[in-house]
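What follows is one structure encoded as structure tokens, with my remarks underneath.
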Amino acid sequence: MSFEEEWAAAHADARARLGTRVNGVPAEPGGSGPDLRVRQDKLGEIGGAAYDLHRRLQADGNHAKASTSEAATLMTTNNFQTGAALRTVHDTWDSQLRTLLDACAHISNHLDYSAAVHAKDDEEVKAALSVSKISEYFQ
């Protein structure tokens with residue numbers, strides 16, 4: 001075997017091993033490997049659920065806010081120790097509700113952003129592929 005033939009065989013072997021490593025990962029036992037596809041319908045479903053939860057929490061999460069605050073104030077002014085505890089419950093609920101609302105909004109907004117970015121990336125790839133296909137005709 002000549003040097004050129006041996007070099008070509010080694011080059012082809014290395015290229016095949018590299019392609020395998022870069023283009024995929026070995027399947028886990030009992031599985032088919034990771035699925036890295038982004039599905040717009042799934043992103044939309046999750047984002048929609050987060051938005052719906054945000055909307056419902058915003059409407060229903062403060063249902064007892066006014067009456068709890070009023071009860072805490074009345075108990076405190078009438079020297080009941082329970083008033084301070086009820087105020088703590090009220091303030092903690094309010095803080096946790098705001099945190100949950102922020103998280104739901106963040107999830108919904110992030111998924112909307114991700115879907116838009118992936119759609120833009122897909123369009124750029126399509127455009128690049130069509131340009132490269134066109135450039136074949138100019139050569």
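Provide a single number: the residues in the stretch 82-132 that are of a type in the set (A, V, I, L, M, F, W, C), open to solvent by less than 70 Å² (accessible area, probe 1.4 Å) and within 24 Å of the chain's Cα centre (by Cα). Before you say what the answer is, go through the steps one by one.
First, pick out the residues of the stretch 82-132 that are of a type in the set (A, V, I, L, M, F, W, C): 84-86, 89, 93, 97, 100-101, 103-105, 107, 111, 115-117, 119, 125, 127-129, 131.
Checking which are open to solvent by less than 70 Å² (accessible area, probe 1.4 Å) leaves us with 84-86, 97, 101, 103-105, 111, 115-117, 119, 127-128.
Narrowing further to those that are within 24 Å of the chain's Cα centre (by Cα): 97, 101, 103-105, 111, 115-117, 119.
Counting residues in the stretch 82-132 that are of a type in the set (A, V, I, L, M, F, W, C), open to solvent by less than 70 Å² (accessible area, probe 1.4 Å) and within 24 Å of the chain's Cα centre (by Cα) gives 10.
Among the residues of the stretch 64-81, which ones are over 16 Å from Thr92 (Cβ atoms) and outside any helix (DSSP H, G or I)?
Residues satisfying the conditions are Asn78, Asn79, Phe80, Gln81.
Look at the stretch 52-81 and say how many of its residues are surrounded by 12 or more Cβ atoms within 10 Å (Cβ to Cβ) and under 26 Å from Ala103 (Cβ atoms).
Selection size over the stretch 52-81: 12.
Would you please list the contacts, defined by Cβ atoms under 7 Å and residues six or more apart or on different chains, that run from a residue in the stretch 39-55 that is free of Cβ contacts under 8 Å to residues at least 40 places away in the same chain to a residue that is in a helix (DSSP H, G or I) and open to solvent by less than 50 Å² (accessible area, probe 1.4 Å)?
Every condition considered, no pair remains.
The values are calculated or read from the model by the stated rules, or taken from the named source; none is laboratory data. This is a predicted model, so every value here is computed, not measured. Every residue, glycine as well, gets a Cβ built from its backbone with ideal geometry; the counts of neighbours run over all protein chains shown. Accessible surface is based on the protein model in full, side chains and every heavy atom, while ligands, DNA and RNA are left aside. Shrake-Rupley method; radii C 1.70, N 1.55, O 1.52, S 1.80 Å.
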